[in-house]
1. Mind jotting down the three principal axis lengths of chain B based on Cα atoms? Whole angstrom, largest first.
2. Hey, got the average number of other protein chain Cβ atoms within 10 angstrom for residues in A:26-34?
3. Only Cα pairs under 8 Å and at least 6 apart count here; give the relative contact order of chain B as a rounded whole percent.
4. Using only DSSP helix segments of four residues or longer, with each worth -39500 (n - 2.57), what per-residue ellipticity at 222 nm results for chain B after dividing by its residue count and rounding to 500?
5. Hey, what's the per residue convex hull volume over the C-alpha atoms of chain A, in cubic angstrom?
6. With no solvent and one equal point scatterer per Cα, compute the Debye intensity ratio I(q)/I(0) for the protein assembly as shown at 0.06, 0.09, 0.11 Å⁻¹ and report its log10, rounded to two decimals.
7. Arrange the following residues from fewest to most other Cβ atoms within 10 Å of their Cβ: B:Trp203, A:Trp461.
8. Taking 7 Å along the Cα-to-C-beta vector as the label spot, tell me the A:Phe357-A:Leu482 distance in nanometres, rounded to one decimal.
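Since every read-out is calculated from the coordinates, none of them should be taken as a lab result. Keep in mind it's a predicted model, so treat the numbers as computed, not measured. Neighbour counts are summed over all protein chains in view; Cβ atoms, including those assigned to glycine, are modelled from backbone coordinates with ideal geometry.
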Amino acid sequence: MHRKSPPGRSRDCISITERVITWLLVFVGSEAILYFAIWWFDPEHHVRLVFFVPLSFATFWLMYESSIYWFYLLGLKIPERRPPGNGITVDVFTTAAPGEPAEMFEKALPALVAITYPHKTYLLDGSGNPQLKTLAERFAVERIDCTDVGGAKAGKINYALKQTSGEIILVIDPDHIAEPHFLDTVLGHFEDRQVGFVQVVQAYYNQSASFVARAAAEQTYGFYGQILMGMNGYGSPLVIGANCTFRRKALESIGGHAVHLVEDFVTSLRLHAEGWNSVYVPEIVARGLVPEDINSYFNQQLKWATGMFQVLFTMLPKIVVSLKGWQKLCYLMSSTYYFVGLAISVNLVLPVVFLFFGIWAVEMPIRGYMIHLIPFAATFLIIHRYSQKWMRDRSERGWQWRGLLLKLGSWPIYLLSLLFAMLGIKVSYLPTSKKRQRGIFPLLVLPHILIVVLSVASIAWGLHSPLRDFDGTKLMIFFAALNSLLMLPTIAAAFSALFQRGQRSQ
Amino acid sequence: MTSTKNIIKPLLPVFYIGLLLLSFPLFDAAFTSVLSYLRVAAGRIGTSVGVVPKNNAIMLGIYKPEVPYSMTRVDSLENMLGGKFDIFSFYQTWGEREEDNFQLDLMRAIDRHGAIALITWEPWITEFARNKKPGIQNNRTDLQEVADGVYDDYVRSWARDAVVFGKPFYLRFAHEMNNPQYPWSAAAKEKPGEFIDAWRHVWKLFKDEGAKNVLWVWSPKGTMAHELYPGGEYVDWVGTGVFNYGSYGEEVWQSFEYIYEPIYRSALRYEKPIMIAEIGCSPLGGNQAQWFADALKGLQTRYHETDAIVFYNNPADQTLAGSVIDWSVDKNAEILDMLKREVEYGIFKKN
């Protein structure tokens, strides 16, 4: 029944040597940040505070982000394998929203039925699509009519909870194709009475469909690899809405699944605050869909980022006291993640301001800057490279540069989210699009085009202004050029339909 | 077991940060030595002659009033030290007299000796006929006039001769432009833009004439007068002067580090090789030889970006107060012994 080495899981434990090496590398990296910081804040440097403060924020935010990754590396924990006992009652929920294609369910439902551990499968149908009713009958899936149930996915789950009775509930998105041993992988962990939910990897089968799909998938490699494994070590793996397994009692103790833009994040926050533990199993037991076009990707990011900011501003301050030590830190770091948009935009704008108006944030020697950055840059690259061994799949190892490029291109979305969250503007909850949206999206990349135009113009201006002899000008020209180049992949993604001429990309 | 674990766990971050701070000097030292190793390695690969000294050594120079008119005494000094000077420094003013022209013969004499000239080129304007009108008392150098091209003929002919000479040399133009005692500085202080314009104008005239062999030394007095910096493109070296007046007049004895530290720190930002174009220590008020020994030690241990040091070996320097200061080092046996050792240890370029 149990395979000796299930696919998608390359390592079972972390050796002492690996721990020591990781600690040493992270320690040296911390020293490198300190080394740079001491130099950066040298009182000898002439600074213009109005610009120096944002520049320092941008610079150190990016360093802080890598140190978060290092922090999780120190906590890496892979749980032991636990085969489940007999007689656990399990309900499997999958939801349907209006507009979702029936073909998707035609693939998803039989896979759910085919999961080997005894269970009952439910389709929480809010689509109003008669085809789905037929499909449910065909695969002998019990259909719960949720046509008039509000609260999006979470609302349907809570509605269904009242009509079912399984001890354990697997909530899985309909774009996911489950493996037969899904439940065998997770159920054993519920033997610990304190465990409220067990999370597995979210993986994809369409990541080679487009640049955006590949990039968006790359962004998740580290998250479902080192970061969640690290969270596991600190006792705070999160709920991921796509395929999480809950204990009914746990969900009931917090009044059911949370209804929120980031319903999964809020649900795990409440469960942890209620004292439940959680387990992350770094195994791929289902594969789903990742956004293939820039429109769907940006919509997904807008939803997540706005939700996370809302949690940070309104929910976290109240609930944080009920969390345990490391959990506090983990949740704080997760909910502040999207400030990265602010850091990126500062880095995009400052060179332009400098070249056009000669307003500098700080005067420091270029060579000194390079020299003091070397230790950080070197340790950053070494740690990134070294930690690739903990990727769940060999194919995920590498530099994930596409993911980085798309992240750098997401800054307007993250800024918008911050604005929405601060002004209390509501973003409607729509499931992330499961279908590729064709067409070009010039409006979505207007900010990027603006940055490219401004950067190029500022370079031209800088080359002819009286400033051209200033030592910092060359560096700023370099940054402006680099910034424009970094925006190009995102712009190209928005116009990719033009190059494909209606052919389906493989 | 569990209870000790519970006490230790919250302390872990504190312990980590403590260790981080405690071992920081170690990290700093380790990385600095890696850097200096790389610098030496880069130096071995070779930098262009005359611009930066090879093998991370310091270039040694001297100003002696009779050099380069007579080289005999310098020969015997060099024999005694067992090394050769890299730089000979002399001073020239602007003007229309014969001695104000480019001194081709002197430059060739220095070149034949195997050294590089450092010309401190002072834009006095009193030696130009147009400024010798009776009744005009103002001898201030109008930098706007320099920038506007009033003295272009003189500058161009000087530059043309420099092209004829053809070998690299240091040109320390309008030094101490922030020292109000020089006629070209007061104007500079009021309108830094005028000084920068004048510098760039002169620089462009040289470029026009094809004088690529000139290494421009921008050399203010004391800490760097940043508002007077003409820009990285127009400057090859940053220069300064370091003088300890000892107990002359109202002065008090000052260590080399005390004088040089702020100057050096302010000069680093330009990322140019730094030259102490004049260094002198008074024989009165302290141990002159020890002062120079400290200076050379400082250059090797702390002030790594300093690539040249030029002794201001003037036995009779007229001060504005009217007294005469003896800055010479070649009469003090202790100093000469110390220099000899340094030449042997190889901090200076050897022959």
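1. Computed over the Cα atoms, the extents are 99, 48, 47 Å.
2. 4
3. Numbers: 562 pairs, mean separation 59.8, N = 351.
Normalised by residue count, the contact order of chain B is 17 percent.
4. Numbers: 11 runs with 144 residues, N = 351.
My calculation for chain B gives -13000 deg cm²/dmol from helical runs alone.
5. Details: hull volume 78.0 nm³, N = 506.
Expressed per residue, the convex hull around the Cα atoms of chain A is 154 Å³.
6. Rounded to two decimals, the profile gives -0.58, -0.94, -1.22.
7. Numbers: B:Trp203 20, A:Trp461 15.
Listed from fewest to most nearby Cβ atoms, that is A:Trp461, B:Trp203.
8. Using points 7 Å along Cα→Cβ, the separation is 2.3 nm.
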